[in-house]
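S.K.: Sharing a structure, written as structure tokens. Questions coming.
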Amino acid sequence: MPKNDLVIRVAGEAGEGVLSTGQLLVQGAARAGYRVLTDFSPPAEIKGGYSFFQIRIGSRLFYSRGDSVDLLLAFNREAYDLSSGDLTEGGLLIYDPAEVSPPASPTRTQYPVPLSEIARTQLKFELGKNVVAVGVLAALFGMPEEYLRKLLEQRFGGRGPDILNKNLGALEAGLRYVREHIINQPGFRRELFEVERSPADGRRIVVSGNQAASLGALTAGVQFFAGYPITPASDIMEFLAAELPKVGGAVIQAEDEIASMNMVLGASFAGKRAMTSTSGPGVSLMVEALGLASMAELPCVLVDCQRAGPSTGMPTRHEQGDLWLAAFGGHGEIQRIVLAPTSVEDCYYQIQHAFNLADKYQLPVILLLDTVLSVRTESIPRPDPQRIPRWSRLLYQEPNGQGVPPHEGIFLRYQLTDSGISPMSIPGQRGGQYVATGLEHNEEGRPRYDAETKTRFTEKRFKKLAAAPQDAPEPDFYGDASAEIGIITWGSTAGAVREAIERAAEEGIRVAGIAPKMLWPVPDAQLRPFLEGKREVMVAEVNYNGQFARILEAHWGRPLRHVNAYAGEPFKVRDLLAAIRTAARAGAVAR
Amino acid sequence: MADTATLQYTVDDYKSSEKPTWCPGCGDFGVLNALYHAMREKNYNPKDVVLVSGIGCSSRLPFFVATYGFHGVHGRAMPIATGVKVARPDLHVLVLGGDGDAFAIGGGHFMHAARRNLNVTYVIMDNQTYGLTKGQASPTAQRGYVHKAAPQGTLEEPVNPLLLAMACGASFVARGFSGQPKDLAQLILAGIEHQGLAIIDTYSPCPTFNKVNTFKTYREEVAPLPADHDPTNFEAALKIAASSMPRYLGVIYRREGPSYEQLLEQRKTGTEADLPRLLDSLFDRFS
């Protein structure tokens, strides 16, 4: 009976092919109909260092990368040392005997596969080591090889028969080695590693969270991007640099993050949907410009691919530490909206909500991704570009008539309206002239410092923000809505929470879960009902302070149970499960 | 008032209802007038002009003009203007600000603006002090300038804006003086007509706080360019730019070529109408 869920990890020295082995395998597997979800743990430096690529593969939907590894391929000694502890009991270790000689262990099965030797000596194709490794893994979990062959033909066919044949030969060598030296061995339990494919369920694509967000930004009609390279956000800029000019847009790599955000504001003032992407350190630099956007009431979208902080922190590690910065960072009293997608697919849709909300409420919207989402690739349903209609800004209408003198009275750019949202003009519109400014201003946009103006316009800007929850995107719900134990979460942690709730149900513990997409302002109408009937409400997030928990506690005036991890890694499902069991026991004792 | 039949704008058409907040005798009045005249010369429709500024007395200028404007935060006028012009190359964009905005906090952006060569005109109202915050030294203040934050005088060398601009690759470098508004209007016009970033460092004295560099001293120290000066000669321009005395006025250096947003436009291979097809091909690529 094949398994529906297998976790494979390829570990080794960065630059050695960990990433390319994983990516080739993932793309082939997705085409073959397997569900895939990956995670990549890059090395800390550009050249060298331990890294791994983890692939969860099978026939069911996955929400996290998997706590432990069923099949570990260790390219070298360091990979064995650092990853073998994550191998599950009864798992399979494949290692290159030229690099490492692991001792036998009762908790695992292990086989040597001389990858370097096969590539170098047998095939005379040292670079083909990765493709040999792909063949090895494919044979172990039972993937039909024609998908990989086709993929190799697509990739190398254009480069001449020699290079293609070399790669096909490498694949064959890997497949053959496993068949001749591992699968046919007595004691090899094939059923532990053979994986089921999912039934045909429509077309799927394999993308990372960053790619999904980039595709979503294009779908939303973004026309201007300015940014600065930073891990793990750079590939959003690079993706859009290649694609935006194809739809008449422009990408500028600016001199720094401060310039980036100010360029975005200029483009937004000029009437275009504009965005930037960065990570925590960049958001810190952009705080001043975000305040300007609040005061001048300019739409803009900022994608923050959060990473472990503070300060330079751990550039390639995971944390959900920027929520307070996103919602509140900045002097004075600013208005902005914070959204957080919960999965790779969700990145595609939430960024479109971000642009819509920015345009409607004329303020900055920050979309919080995180290292896990940015980097993870997943097979997701082919996105639907029609699903989310595009909203437009409330626009000033030019008066009719020709040959009218330029001065027609002063346009009230910041007109006090019931909703707080004023019609905005775009340069080029006759009679719509105004000066956007960060100074406090009256309806005409003229700087004014009197008490009445300050009072009325502070209230105007916050009235806009107060209305935003009515447009909050739908939250994710997990588990049993009627349960007495509840977990609130956000971002990629939602995946691990979802899995923990499923496992708890298997143990007879009923749990309800909710992951809102709008984190600020608090979507009270979505979250308050969740509290009803709950004797225990936990908030799970990867940060030390319980940033969302504290926002909710302040909002509701009641304490919540904080469930935190802050080790630079995503939550392990088993740790969330332990927290659930504790909550369940606490309730039982209380009774 | 404008002649509605042929829509020839007058200077009054560029004046907003906001009265300038500058002190009587401020050099910026001369710059404002020169700007009004330059725009009238080009017969710009005010709706098609965006004036971008930073923070400082001179950065208040956009409020006094009946065009669109963006009074940004300190030092960030060039990045904002870059966003405006790249998003909408059809708009006429001018950048206004002071020597602090351009060379202190904006110093980093100044360098990259010169490299980028966007088709905008940057008029820097250089009074060698910080007016709005009451008289501290700016990056162009002369060495030994005394103010409350340096009671014994500054220790730093002033930056030379013209040399800086040339070193950073600027394609049009000029110096003006608000005490000669007619010439300044011509300079601004030349800057507008230049295809690329036109930097016009403009002496614009602060009578309230800078008692050292005044209209009187500037009048004594400025000089027209030598009659044989060839602004297309980089080495000759460097010599002129390096001269602290006399303070030469005019177009010091110019170089023809395409501007940044022009080059970006040339790289566009489609329009928004191509989006559905592009998305389809991208989804296919990731399948």
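Every number in this text was worked out from the coordinates using simple rules, so none of it is lab data. The shown structure was predicted, so the numbers you read here are calculated from the model rather than taken from an experiment. Cβ coordinates were reconstructed from backbone atoms using ideal geometry, including for glycine residues, and neighbour counts include every protein chain displayed.
S.K.: Quick one: longest stretch of chain B between exposed loop GluC sites (Glu not before Pro), exposed meaning at most 13 other C-beta atoms within 10 Å and loop per DSSP?
M.R.: Counting only loop sites that pass the neighbour cut-off, the longest clear stretch is B:1-155.
S.K.: Do any trypsin sites (Lys or Arg not before Pro) in segment A:10-80 lie in a DSSP loop with no more than 14 other beta carbon atoms within 10 Å, and if so, which?
M.R.: Sites meeting the loop and neighbour criteria: A:Lys47, A:Arg60.
S.K.: Next question. Take the alpha-carbon positions of segment A:173-248, form their convex hull, and give its projected area averaged over all directions (one quarter of the hull surface) in nm².
M.R.: Mean shadow area of the hull around the Cα atoms is 9.5 nm².
S.K.: Could you give the size of the charge dipole of segment A:150-233 about its Cα centre, using +1 on the Cβ of each K and R and -1 on the Cβ of each D and E, expressed in debye and rounded to the nearest 20? If you can, show how the numbers build up before the last one.
M.R.: Numbers: 11 positive and 8 negative charges, 19 e Å.
Dipole size: approximately 80 debye.
S.K.: Follow-up question, since we're still on this one. How large is the Kirkwood hydrodynamic radius of segment A:445-591, in angstrom, based on all distinct alpha carbon pairs? Present the calculation step by step, with values, prior to reporting the outcome.
M.R.: Values: mean 1/r = 0.0598 Å⁻¹.
Result for segment A:445-591, one decimal place: 16.7 Å.
S.K.: Reported to two decimal places, what Rg/Rh ratio describes chain B when computed on Cα atoms with Rh from the Kirkwood expression?
M.R.: Checking Rg against Rh, the ratio lands at 1.02.
S.K.: Something else: When you look at the Cβ of every residue in A:240-247, what mean number of other chain Cβ atoms sits within 10 Å?
M.R.: Working: counts 0, 0, 0, 6, 4, 7, 11, 12.
Mean partner shielding for this stretch: 5.
S.K.: Antiparallel DSSP bridges in the protein assembly as shown: what percent, to the nearest 5?
M.R.: So the antiparallel bridges in the protein assembly as shown amount to around 30 percent.
S.K.: I would also like to ask the following. Express as a percent, rounded to the nearest 5, the fraction of DSSP beta bridges in chain B (both residues included) that run antiparallel. Don't skip to the end; give the middle numbers.
M.R.: Values: 8 of 36 bridges.
That works out to approximately 20 percent antiparallel.
S.K.: When only C-alpha pairs under 8 Å and at least 6 residues apart count, what is the relative contact order of segment B:169-287, in percent? Can you show the working numbers first?
M.R.: Details: 133 pairs, mean separation 35.3, N = 119.
The normalised contact order for segment B:169-287 reaches 30 percent.
S.K.: Further question: Would you work out which of B:Tyr36, B:His112, B:Ala77 lies farthest towards the positive end of the dipole of segment B:1-126, given +1 charges on the beta-carbon of Lys and Arg and -1 on that of Asp and Glu, about the Cα centre?
M.R.: Result: B:His112, furthest along the dipole toward the positive end.
S.K.: Now a separate question. Give me P(r) over segment A:206-381, computed from all C-alpha to C-alpha distances, binned every 10 Å, as integer percentages.
M.R.: 12, 44, 37, 7, 0
S.K.: Pairs of alpha-carbon atoms within less than 8 angstrom and 6+ residues apart define the contacts here; what relative contact order does segment A:213-309 have, in percent?
M.R.: Values: 167 pairs, mean separation 30.2, N = 97.
About 31 percent, as a whole number.
S.K.: When Cβ neighbours within 10 Å are restricted to other protein chains, what is their mean count per residue of peptide B:272-284?
M.R.: Average neighbour count from other chains, rounded to a whole number: 5.
S.K.: Also, I was wondering about something else. Quick one: net charge around A:Ala173, please, counting Lys, Arg +1 and Asp, Glu -1 for every other residue with C-beta under 15 Å from its C-beta.
M.R.: +1
S.K.: Below 8 Å, C-alpha to C-alpha, sequence gap of six or more: please give me the relative contact order for segment A:476-590 in percent. Intermediate values should be presented prior to the final figure.
M.R.: Values: 186 pairs, mean separation 35.5, N = 115.
Contact order relative to length: 31 percent.
S.K.: Quick one: dipole size for segment B:11-259, taken about the Cα centre, charges +1 on Lys/Arg Cβ and -1 on Asp/Glu Cβ, in debye to the nearest 20.
M.R.: Taking the Cα centre of segment B:11-259 as origin, the dipole is about 440 debye.
S.K.: Here is a follow-up. Taking the Cα centre of the protein assembly as shown as origin and charging only Cβ (+1 Lys, Arg; -1 Asp, Glu), how large is the dipole, in debye to the nearest 20?
M.R.: Dipole magnitude for the protein assembly as shown comes out near 460 debye.
S.K.: While we're looking at this one, here's another question. How many Cβ atoms of partner chains, on average, are near each residue of B:107-115 if near means within 10 Å of its Cβ?
M.R.: Averaged over the peptide's residues, the number is 2.
S.K.: Of all trypsin sites (Lys or Arg not before Pro) in segment A:108-178, which ones are in loop regions per DSSP and have a Cβ with at most 10 other Cβ atoms within 10 Å?
M.R.: Working: sites: A:Arg108, A:Arg120, A:Lys124, A:Lys129, A:Arg149, A:Lys150, A:Arg155, A:Arg159, A:Lys166, A:Arg176; in loops: A:Lys124.
In loop regions of segment A:108-178 (DSSP not H, G, I, E or B), the sparsely surrounded trypsin sites (Lys or Arg not before Pro) are A:Lys124.
S.K.: Restricting things to Cα coordinates, could you compute the convex hull volume per residue of chain A in Å³? Please list the in-between numbers first.
M.R.: Numbers: hull volume 101.9 nm³, N = 591.
So the per-residue Cα hull volume is 172 Å³.
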